[in-house]
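Remarks on the structure that follows.
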Amino acid sequence: MSLICRSTPVLAVAAVEPTCTFFEKLGLAITVSVPHGDGLGFAILAAAGVEIMVQSHASIRDDLGTTLTLGRDTALFVEVSDLDAALAALGDAPVFLPRRRTFYGATEVGVIEPGGHHVTLAQFERG
């Protein structure tokens, strides 16, 4: 029996808004936003049981007295229903992992969201 009921990634970024826009293109919506300074300091994006939190370095520093390393500390593996549609929605997001077929049955492409995190988008064949 797992003692973990749920886990939500918190992405530390320089600016919250560009990362929110990235995930909104994939169908998530901002459900909570907290201002900090001249912009957002924190946001929760969610849809269909998926949730991602985004917090600015400045907000983390003010909340915790410390900061996390810019981007790249967290990588996301995101299953999508339509890889081509997801890539089209993201437009010119930088690609770090070209399209590939994996041994575990996924077609994947890795992109970098504006906060610097590596996001692998994967579509599985359903048979």
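Here, each number is a calculation from the coordinates, and none is a lab measurement. Note that this is a predicted model, so its numbers are computed, not measured. All Cβ positions, glycine included, derive from the backbone under ideal geometry; neighbour counts span all protein chains shown.
Check region 76-99 and report whether any residue there is basic (Lys, Arg) and in contact (Cβ under 8 Å) with a residue 40 or more places away in the chain.
No, region 76-99 has no match at all.
For region 114-127, how many residues meet the condition of being within 12 Å of the chain's Cα centre (by Cα) and assigned to a strand (DSSP E or B)?
Going through region 114-127 one residue at a time, the tally reaches 4.
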